[in-house]
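Encoded as C-alpha cells, the structure appears first; notes follow it.
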Amino acid sequence: MHNAEWMIMFLALVPLSLCSGAAHAAPSQTVDLTKAVVVIAGSTADAVERQAALMLRWEVRKRTGLELKEVPALPADATPAIVLGSRERMPPLPAGLQLPAPPMKESKPAAEGYVVLVDTKSRPGPTVCCVGNDHRGTLFAVGKLLRTVDWGEGSLKAPADLSTASAPEYPVRGMQLGYRRLNDTFDAWDVGRYAQYIRDLIIFGNNSVELIPPSGPGVEWIAIPDPLMPLNTWDMTAALSALLDAYDMDVWLWLPLEDNATDDPQRRAATLLDREELFAACKRIDHVFVPAGDPGNTSPQAMIPYLRDLAPLLHKHHPNAKLWVSSQKWGLQGVKYFTDYMRANQPDWLAGMVWGPSSPGTPQQARQLVPAKYGIRLYPDITHALRCQYPFPYLDEPWAQGYARQPIQPRPTQYAHICRMMSPGTVGAVCYSDGTGDDVNKIIWDSLLWDPKADVREVLRDYGRAFFGPEFAEQVADGELMLEQNWVGPAASNPQVAQTFAHWRAMENRATPKQLANWRLQQGLIRAYGDMFIQTRVRRDQVLLERAYAELRKASRVGPEAAMAGADKILAESSALTAAPELRNRIHELGGELSESVGMQLSLDKYGSSDGNRGAQLDNNDRPVSDCPWLKAELAKIRKLPTREAQLAAIHQRLNWANPGPGGFYDDLGNHANLMDPHLVRPTTWEDDPEFMRTPDDAHQSSMYPQYQRLSWMNQAQSQIEPLRLRYTGLDRNAAYILKATYGGRGKAMVQLYLDGEKFGDPITSDPQKPTRYEFEVPKSMTADGALDVAWDEMGEGGAKIAEAWLVKKE
C-alpha cells in the first residue's frame, strides 16, 4: 500500500476511534478530594501502613501535582479526608460511619483483604476509608482507590457511591523482575525506577517479586558486560531486597545451578558457599526457587541432597524462608522419582514444586502427584510470543519476522484464559518476565489471581485510568484488545491493523506533551505503528513478488537472462526503507523516546538490546516479510547454471514451488494463519492446549538464521508429545504418489517418517541452517484405499519440525 493510501485509510477510520467508549454509561456523582488530607493512626501505625500513606501521596502528586498532607486525626471541619489503616490500627472514625463487613475466608478476615468506602454523611466533609484486614490489605486498598479515582492536573475525584470489599483468591501473585543482561528494560533501571514499577504492580494486587541475583559476588549469569546497569547485580539484589521489605512484599530468589555443578564436589561446595554469602547480603528472603533445568539440568537424584544442604544455609540467615524446586527438563520419570521421595520422606525443608516451561504434564496433574502438604506454584512465561511456553497461537510469519521472540505484546484475553485454566489447585504464580514489553500481561495475571472472575475489559479500563488518565480509560481498554487482535489471522489482509492504527493515532493526537512522554502510551503507539508498517510492507511486497514472477514467466520467450534482469529490477523496490518512510521514521522516534522514558532497548546498536530476539523492534521491523529476498538470492544462483536449459528448468521450478501438479497436494506447514496447512492433523484446539503439547504448534525460526530463506522455511509445524501427522483423503486409488517434505526448524532433530503407521526408511537429521527437501516413493498399496496417513516422530527431545509437504501424483 502506498503512503497516500494508508493515510486515506487512517483519516477514514479516525471518527470510529474517537467515538470509542461513547456509548458507555454516564459517570456517577463524585466527591472532590483536591484538598483532601491523608489520615493514619500516627505513631501506632506500623511501617507498612505508613508506607501505604506515602504511596498514596506520591502517586497522587505524580498524577495531579497535588500535595496531600498527612495528619494524625480526622479534621473537625469539612476538609475531605482519606483514612488509611488496618482494622487493628485504624484511626478513630466519625460516629455513625459504618464500615462494610471485612471480606472473609475460612470464617476469619481474609489475608490481604480490604474495604474501600466513600462516606458523605457522617461528618461535614467527605471521608474515604481504605481499610485493610491487615497491613498488606491497606496497601491494596490504596491500590483500589488509585485505579478508581478520576484525576487530572490539579484535580482528584472519587465516585460518591464507592463501596467495595475484596480479598485475593490466590496467596501468591508475583512477577520476576530480573536485573540482567537478557532483559529489554530492567537492566537500565536504578532503585528508584524499580520502586515506581513495584508500586505500579501493587496497585493491581501484586504481593511478590522474584529477583535474579548473581551466583556470587562479581559473578554474572550472562558473562557479557552490560554498560546500561547503574549497579552490579549483587548490589542491586541487596538493594531491591530491602526495598521490597519496606512494602512487605515477598522476596523470591531465582537461583539455578550451573550445568553439572553438583557433579564435582569442589564446584558443589563453592556453589553452596556463594549461596550463603548471598543470603547474608539480603535483608529479606521469603522464598528461594531452584529450577531443575533452563538452566541447571540437574537430575532429581542430585537435586535432593543439594537442596537438603542448601536449606540450613538459607535458614541460618532467614529462618522462615522456604525452598521450592521446579521439574523443568525432568520428564515424567524424574517427577515421579522426586514426588516418591517427598511422599516417603516428607522433607520439612521443602515448601513445594514450581510448574513452569518444560515441566511435564499440567499443574493439575502435578497437584495429584505432589503430597497435599506441599504447594504448587506456577511459573508462566508471559514475555515471549514464540518459541516459548505459550506461543501466540498461529502467528503469521511476517509478525514473527518483524518482532522476533520478545516484542511488546499485550495478550489480555489469551492470558486471562491461560491464567484461569492453569491456576486451580495452585497457590498462584510468579510470572517469568524479561522487561516491560509484557506490562499488560502482568496486570492481567495479577488481577485474575486476585479475582479469577474479573472482567478483562474492566481490568484494562482500570489500567488506562490508573496509568494514562481517566479520559483515556475506555480508549486504552479498546486499544490493548485491538493490538492483540492485530496478530490474529493473515498479516496482509487483517483489517484490524488499520483500525488499531487509527485508534492509537487518535489518542496520540489528543495527548498532551506530558501524556506523550508516558512510556505505556509510547509502547501502544510503537506497536500500532509497527503493525501498520509491516502490513504495508507485506502488501507492497506481494505485488512486487507477483510482478517479478510475471517477468520470469517470459523466460522461455525472451531468454532467462532478460527475464531475470526484469525480475531483479522489480525486486530492488522491496527495500524496507521505502515502503512507508513516515511510519518507519515515527517508529524510530518512539524507540528513542522509550529508551529515554523507561530505558527500553529496542535496537542492538542504538540502545543496547542484548540480542535480536529480545525486543529489538527497530531492527526487526526491517527484516524480510516476504519471499522477495529469497527470490533475488535464487536468481543469483540460477545465473551460475551452465546452460540455458538448466536456467529455464530452475526458473520453472521456482515459479511452481507450491504447485503439486494435477491431483496433488501442497501444505505450507506452520502457516495456519493463512490456512495453508489443510492436511495437518490438530487433535485439539489452542484453547484446550495453549502450550501446544498435544496439537502441532506453528514454530518459527530465530532471527539468527539467514534472512534470504523462504518464509515457508522460516515457520514449521512442530510436534511435542505426539508425532506430527498429516491425513490425505480422496486419493486416486489406481495412482502412485511421491511424498516430498522440507525438513528444518530451530535446532537439529533426528526425525523418523511413518506411512500408515509403519516406519519408513531411516531417520533423517534436520539442519536449521540448511532446510532440505527429501522425496519418498509411497508404496502403491498404501494409497489403494484412497487415503494416506503420514507422521514424523522426533527421536529425542524437541519434537519433529517439518516446513513443507507435497503429495505428488506420478504421471
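All of the numbers you see were taken from the coordinates with simple rules; none came from a lab. Predicted model only: the values in this text are computed from it and were never measured. So basically every Cβ, Gly included, is an ideal-geometry build from the backbone, and we count neighbours across all protein chains shown.
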What span do the alpha-carbon atoms of the stretch 417-540 cover on each of the three principal axes, reported in whole Å from largest to smallest?
50, 35, 26
With axes computed from alpha carbons, what is the tilt in degrees of helix 331-345 against the longest principal axis of the chain, rounded to the nearest 10 within 0 to 90?
30
Using unit Cβ charges (K, R positive; D, E negative) and no other charged atoms, how large, in debye to the nearest 20, is the dipole of the chain about its Cα centre?
500
Bins of 10 Å from zero: percent of alpha-carbon pairs in the stretch 575-645
18, 34, 23, 14, 8, 2
Can you pull the Rg over Rh of the chain, Cα-only, Kirkwood?
1.01
With no solvent term and unit scatterers on the alpha-carbon positions of the stretch 30-166, Debye gives log₁₀ I(q)/I(0) at q = 0.16 Å⁻¹ of -0.73
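Taking the Cα centre of the stretch 474-566 as the origin, how large is its charge dipole in debye, to the nearest 20, when only Lys and Arg (+1) and Asp and Glu (-1) carry charge on their Cβ atoms?
320
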Loop-only check: which GluC sites (Glu not before Pro) in the stretch 129-221 are DSSP coil with at most 14 other Cβ within 10 angstrom?
Glu153
Identify the residues of the stretch 174-207 with backbone N under 19 Å of a label point that sits 7 angstrom from the Cα of Asn232 along the Cα-to-Cβ direction, or state none.
179-182, 187-191
For the stretch 658-809, radius of gyration divided by Kirkwood radius, i.e. Rg to Rh on alpha-carbons
0.95
Computed from the beta carbon distance with a Förster radius of 22 Å, FRET efficiency for Gln346 and Glu106 to the nearest 0.05 stands at 0.35
Low-density loop trypsin sites (Lys or Arg not before Pro), the stretch 533-603, at most 16 other Cβ within 10 Å, DSSP non-H/G/I/E/B, are Arg553, Lys554
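For Asp785 and Thr684 in the same chain, what is the full-extension length gain: residue separation times 0.36 nm, less their Cα-Cα distance, in nm?
On the way: separation 101, 0.36 × 101 = 36.36 nm, distance 2.62 nm.
The span from Asp785 to Thr684 would gain 33.7 nm if fully extended.
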What share of the DSSP beta bridges in the chain is antiparallel, in percent to the nearest 5?
60
Please compute the modelled spin-label separation between Leu273 and Lys569, points set 7 Å along Cα→Cβ, answer in nm with one decimal.
7.3
Using helices alone, I'd like the mean residue ellipticity at 222 nm for the chain: each DSSP H run of four-plus residues gives -39500 (n - 2.57), total over residue count, nearest 500.
-12000 deg cm²/dmol
Toward the positive end of the charge dipole of the chain, about the Cα centre and with charges on Cβ (Lys, Arg +1; Asp, Glu -1), which of Val543, Ser86, Leu590 goes farthest?
Val543
Could you tell me how many cubic angstrom of Cα convex hull volume the stretch 566-714 has per residue?
173
Taking Met421, Met782, Met507 and counting other C-beta atoms within 10 Å, the order from fewest to most
Met421, Met782, Met507
Among Gly663, Leu386, Val116, the residue whose Cα sits farthest towards the positive end of the charge dipole of the chain (+1 at Cβ of Lys and Arg, -1 at Cβ of Asp and Glu, taken about the Cα centre) is Gly663
Once both axes come from the Cα atoms, what is the angle between helix 135-146 and the longest principal axis of the chain, in degrees from 0 to 90, rounded to 10?
70
Cα-based helix-to-principal-axis angle, 496-510 vs the chain, degrees rounded to 10
40
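Can you list which of the trypsin sites (Lys or Arg not before Pro) found in the stretch 451-513 are DSSP loop residues with at most 15 other C-beta atoms within 10 Å?
Taking the stretch 451-513 and a limit of 15 other Cβ atoms within 10 Å, the loop trypsin sites (Lys or Arg not before Pro) found are Lys453.
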Using every alpha carbon pair in the stretch 257-334, what percent of pairs falls into each 5 Å bin from 0 up to the bin containing the largest distance?
3, 15, 27, 25, 18, 9, 2, 0
Can you give me the distance in nm between label points at Trp58 and Lys637, each placed 7 Å from the Cα along the Cα-to-Cβ direction?
5.8
Highest mean first, how do 111-123, 680-692 rank when packing is the count of other Cβ atoms within 10 Å averaged over residues?
111-123, 680-692
Could you tally the net charge around Asp688, taking each other residue with its Cβ under 15 Å from the Cβ of Asp688, Lys/Arg +1 and Asp/Glu -1?
-2
Fully extended, how many nm does the chain gain between Asn656 and Ile721 (0.36 nm per residue separation, minus their Cα-Cα distance)?
20.0 nm
Can you give the local net charge around Ala110? Use residues other than it whose beta-carbon is closer than 13 angstrom to its beta-carbon, Lys and Arg +1, Asp and Glu -1.
-1
Here the Kirkwood hydrodynamic radius of the stretch 489-640, Cα-based and in Å, equals 17.3
Take the stretch 619-672, compute every pairwise Cα distance, and split them into 10 Å bins from 0; I just need the percent in each bin.
19, 37, 32, 12, 0
Once Rh for the stretch 198-336 is found with the Kirkwood sum over Cα pairs, what is the Stokes-Einstein diffusion coefficient at 10 °C and 1.306 mPa s, in µm²/s?
100
Stretch Ala47-Ala281 to full length: gain in nm at 0.36 nm per residue minus the Cα-Cα span?
82.0 nm
Between the modelled labels at Thr34 and Glu645 (7 Å from Cα along Cα→Cβ) the distance in nm is 9.0
For the stretch 30-166, with only Lys/Arg (+1) and Asp/Glu (-1) charged at the beta-carbon, what is the dipole magnitude about the Cα centre, in debye rounded to 20?
80
